[in-house]
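Each value in this text was obtained by applying a stated rule to the coordinates, not by laboratory testing. Since this is a predicted model, take the numbers as computed values, not measurements. Neighbour counts run over all protein chains shown; Cβ positions are idealised from the backbone, glycine included.
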Amino acid sequence: MEEEPETIGPRWLDADQQQQWYAFAYVLTQLPAALEVRMQRDAGIAQFDYIVMSSLSTAPERTLRMSDLARYAGSTLSRLSNVVIRLEKRGWVRRHPDLSDGRATLATLTDDGMDKVVAAAPGHVDAVRELIFDPLTKAQQRHLGDISRRMLAALNAPLPDNRPDTTSGQG
């Protein structure tokens, strides 16, 4: 007797999963918007601009290959190039060829760019603390990190191995 193949259909969320998903999905839309508003208000720059400049600020010689910077910023190279062009016009970043690999381009945070990061960092850290860490217990904060790393792994988007050290206060 031949078994009938099992029909594969959608794996629907149960009621509890649906509630958790809706709450998380809402955080995914509200948190970036709240951070953006605060960064614009406090520093006059976009949140993504700050992420790019902050990544450069913690890199050796404040310089990264554009491809590495895109990975650190969670961006496509195309989007990053547009942002770096804008940051160059403001005198905060400088692009130049990688002398060790003529195919690559480097981005370097200028002194003026570093000054902007240092000025923007306290407001950014305050917003991150207020919106993300303060509502959670220490145990929940650790769980948040564990959960985030698991989700990144499921997305095949782990944090880069050589993530710049953000303990210097520019967070």
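Laid out as a table, the results:
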read-out: Under 5 Å, built H, 5+ apart or other chain: amide partners of THR110; value: VAL93, ARG94
read-out: Counting all C-alpha pairs of the chain, share separated by more than 21 Å (%); value: 58 percent
read-out: Neighbour-count ranking [beta-carbon atoms within 10 angstrom, fewest first] of HIS124, HIS143; value: HIS143, HIS124
read-out: Once the Cα gyration tensor of region 28-121 is diagonalised, semi-axes √(5λ) in Å; value: 23, 15, 10
read-out: For the chain, the longest site-free run once GluC sites (Glu not before Pro) in DSSP loop states with at most 11 other Cβ atoms within 10 Å are removed; value: 7-171
read-out: Amide H within-cut-off set for ALA104, under 5 Å, with H built and near neighbours excluded; value: ASP98
read-out: Region 28-121: relative contact order in percent, alpha carbon pairs under 8 Å with at least 6 residues between; value: 29 percent
read-out: Efficiency of FRET between HIS96 and TRP21 - r from beta-carbon atoms, R0 41 angstrom, step 0.05; value: 0.35
read-out: Cα-projected label distance for LEU144 with ALA157, points at 7 Å along beta-carbon direction, nm; value: 1.8 nm
read-out: Gain on full stretching of the segment that runs from LEU136 to GLU36 - 0.36 nm per residue minus C-alpha separation; value: 33.9 nm
read-out: Principal-axis tilt of helix 47-57 within the chain, Cα atoms, nearest 10 degrees; value: 60 degrees
